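Beneath this line is the structure, given in structure tokens, with notes to follow.
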Amino acid sequence: MKSENNMKNILLAGVIAGAISGIIRIIGDLVGSAIGLWEAFKVPLANYATIYIILSAIWGIIFGLIYSKFYNLIPGSGFLKAFYFGLLLWIVIRVYGSSFLMAYAGWRTTFQANEIMFAGFFEMISLGLALGYLYKK
Amino acid sequence: MIKNMKSGFSAGIIAGFVGGVVAFILIIIGNITGIWVPFEGALNDVVFLTNQAVTHIGLNTIWGTIFGLIYSRFYDLIPGKGIWKGLYFGLLLFLIINISQASYLAAFGSFFWVIGNFYVAFPIRIIYGFVLGALYEK
């Protein structure tokens with residue numbers, strides 16, 4: 001019974017944290033394009049936002065399950081543990097992706113790498129913090 | 001602890017290097033066979049091919065080292081033993097990096113790069129995991 005509640009808890013925490021991170025990413029994208037760090041969206045904002053938030057909520061479940069599985073081995077406690085998890089996701093997913101785009105060194109890929117790296121930072125840190133706030137083992 | 005980290009570090013470098021070589025070979029094969037051609041006419045351009053080799057082998061070696069350190073940190077909670085443990089880790093990387101990336105690319109219609117994610121990334125994650133699992137033991 002306890003593990004069933006725990007499972008529901010992490011699935012719900014993952015969906016909510018994922019959706020929050022998707023919203024933060026879109027805000028980051030808009031701010032970055034407004035100040036000229038990268039290009040503005042090519043697709044209508046409403047479409048982009050809907051797709052991004054839904055996908056982020058789905059991936060939030062998977063990241064939430066990973067968070068709960070590796071919880072005890074993530075360093076720190078409370079706020080710091082959640083922050084470290086978000087930071088780890090940012091490095092493994094976003095910095096990794098950006099490094100390959102930057103290596104091609106075209107202006108378009110560099111712009112895109114900036115967006116993934118900087119907007120992705122706020123996205124992943126917010127995901128970690130929201131998971132940490134919503135999920136307690 | 002230090003010994004384990006070093007071992008994860010060294011195993012990661014070797015596994016990443018092997019993964020990078022495989023990535024470069026797959027790009028060449030993709031160009032020759034037409035399975036996946038990201039850059040037209042690339043096979044006749046020595047500078048381009050050199051850039052590709054350096055990019056893929058260099059970056060995969062660097063990232064392989066970082067992933068090797070993460071592997072040694074989370075080793076106890078990864079299912080399986082030996083090579084299987086490494087393969088599970090490689091699949092986990094494929095899920096969180098490549099499947100997640102491919103899902104966003106597909107949603108926005110960039111199917112060409114979705115294919116690239118599967119054609120290049122899946123084999124290198126499997127090979128990376130295999131080599132890491134074979135070399136690293138806590």
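The numbers here are math on the coordinates, done by the rules we state, and not lab data. Not measured: the values here are computed from a predicted model. Every residue, glycine among them, receives a Cβ derived from its backbone with ideal geometry; neighbour counts consider all protein chains shown.
With a cut-off of 8 Å between alpha carbons and a minimum separation of six or more residues, what is the relative contact order of chain A in percent?
Result for chain A is 39 percent.
Hand me the trypsin sites (Lys or Arg not before Pro) from the stretch A:12-75 located in a DSSP loop with no more than 13 other Cβ atoms within 10 Å, in residue order please.
Answer by residue number: A:LYS42.
Given the rule -39500 (n - 2.57) for each run of at least 4 DSSP H residues, summed and divided by the residues of chain A, what is its mean residue ellipticity at 222 nm, to the nearest 500 deg cm²/dmol?
Calculated at 222 nm, the ellipticity per residue is -27000 deg cm²/dmol.
Which residue, B:ILE32, B:ALA121, B:LEU93, has the largest displacement toward the positive end of the dipole of the stretch B:2-135 when charges sit on each Cβ (Lys, Arg +1; Asp, Glu -1)?
Towards the positive end, the residue furthest out is B:LEU93.
Cross-link list A:LYS137/B:LYS85; A:LYS42/A:LYS69; A:LYS8/A:LYS42: which exceed 30 angstrom alpha carbon to alpha carbon?
In this structure, A:LYS42/A:LYS69; A:LYS8/A:LYS42 exceed 30 Å between Cα atoms.
Can you tell me how the protein assembly as shown classifies by the Cα gyration tensor, rounded, prolate or oblate, using a/c under 1.5 as the rounded cut? If you can, show how the numbers build up before the last one.
Working: a/c = 1.89, a/b = 1.12, b/c = 1.69.
Oblate, since a/c reaches 1.5 and b/c is not below a/b.
What net charge do the residues around B:TYR88 carry, taking every other residue with its C-beta under 14 Å from that of B:TYR88, with Lys and Arg at +1 and Asp and Glu at -1?
+3
Suppose every Lys and Arg Cβ carries +1 and every Asp and Glu Cβ carries -1, with no other charges. What dipole size does the protein assembly as shown come out with about its Cα centre, to the nearest 20 debye?
1000 debye
For the charge dipole of chain B, defined by +1 on Lys and Arg C-beta atoms and -1 on Asp and Glu C-beta atoms about the Cα centroid, which residue among B:ASN44, B:GLY133, B:TYR104 has the Cα displaced farthest towards the positive pole?
B:GLY133
Could you tell me which residue out of A:VAL15, A:LEU30, A:ILE51 lies farthest along the dipole of the stretch A:1-91 toward its positive end? Charges go on the beta carbon: Lys and Arg +1, Asp and Glu -1, centred on the Cα centre.
Positive-most Cα among the choices belongs to A:VAL15.
Give me the one-decimal Kirkwood hydrodynamic radius in Å for the stretch A:2-134, with the sum taken over alpha-carbon pairs.
Roughly 15.3 Å, rounded to one decimal.
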